[in-house]
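Note sheet for the following structure.
The values are calculated or read from the model by the stated rules, or taken from the named source; none is laboratory data. Quick caveat, the model's predicted, so the values are computed rather than measured. Note that each Cβ is placed from the backbone with ideal geometry, even for glycine, and that neighbours are counted across all protein chains shown. Keep in mind that these areas ignore ligands, DNA and RNA; they rest on the heavy atoms of the full protein, side chains included. Shrake-Rupley method; radii C 1.70, N 1.55, O 1.52, S 1.80 Å.
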Amino acid sequence: MTAQQKKINAAKLAIKKIKPGMNLGLGTGSTANELIHLLGKDKNLAESLKCVSSSIQTEEIAKDYSIKFQQLDEFEFLDITIDGADEIDDNGNMIKGGGGALLREKMLANMSKEYFIIIDESKKVNTLGKFPLPIEIIPFSPKSTISLISKVFEEYQMTPEIILRLDSGGLNFITDGGNFIIDCYCKKILLTDQINVKIEKIPSVITTGLFLNMSSSMIIGYDEYATEINFNKE
Ligand code: 5RP
């Protein structure tokens, strides 16, 4: 079986969370795309929803279907958001932003009553950090921002390689919000809460790809089926 089939199986279980008339946040990435394809095939359900997209990429995928997007400003809250992850641990803490949509993804998650994460089994980890941690920063003076972020890691005896992300053409990767992304090759991140708070205090940092204590549950796709693990979100 391919990883894609596992993603489809996760999406098949996740679509059951979507009820007619809901305000729905849609995530970004290959797993979220499988959900969009399934939703697109259920025209009645899709047309009943008010959707918000976490990226231009997701809007592009959805444009062939009856999925209509509204601005996040038009909502006081979202009923649910369904999104993928780059890594997720047993407590539902995640690294996200591999696709560069971390800022909008975090905004949607923050406005959602329930936040469901769909993954294939390879995304489940014991400790976060093998996947490089993305951090969205303002484009002004990235070297000084990287230096400040390195100092935070040093406080925790960490010396990750930190790289300014480039696009496929070798130019600086630009997010939907017009910002840069750096990727921090940490290998392992402990004390995620403390590190996250300190990095997000740096004025030129917009947000990190650490999504801590936000997920309601993770839906894990395997070869033939999917399972859901609930978290006690406070
Ligand atoms: C994009 C993300 C994605 O959710 C994450 O990269 C997972 O993507 P995929 O489902 O393709 O593995 O955070 O910013």
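Points worth noting:
- Taken together, the criteria place Asp90 among residues that are of a type outside the set (Gly, Ala, Ser), farther than 15 Å from Leu26 by Cβ and more than 16 Å from the ligand (Cβ to nearest atom).
- The condition (being part of a loop (DSSP other than H, G, I, E, B), open to solvent by 20 Å² or more (accessible area, probe 1.4 Å) and either in the same structural domain as Asn93 (by TED's automatic domain parsing) or in contact (Cβ under 8 Å) with a residue 24 or more places away in the chain (or both)) is satisfied by just one residue among Lys188, Lys198: Lys188.
- When residues of region 117-149 are limited to those that are within 16 Å of the ligand (Cβ to nearest atom) and either part of a helix (DSSP H, G or I) or of a type in the set (Phe, Trp, Tyr) (or both), the one least open to solvent (accessible area, probe 1.4 Å): Lys123
- Ser66 being farther than 19 Å from Glu228 by Cα and within 16 Å of the ligand (Cβ to nearest atom): no
Quick grid of which residues meet (1) in contact (Cβ under 8 Å) with a residue 12 or more places away in the chain; (2) open to solvent by 10 Å² or more (accessible area, probe 1.4 Å):
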position: Pro20; (1), (2): yes, yes
position: Leu26; (1), (2): yes, no
position: Ser30; (1), (2): yes, yes
position: Leu38; (1), (2): yes, yes
position: Asn44; (1), (2): yes, yes
position: Lys50; (1), (2): yes, yes
position: Lys63; (1), (2): no, yes
position: Phe69; (1), (2): yes, yes
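- In the set (1) assigned to a helix (DSSP H, G or I); (2) within 19 Å of Asn33 (Cβ to Cβ); (3) open to solvent by 10 Å² or more (accessible area, probe 1.4 Å), the condition left unmet by Leu108 is number (3).
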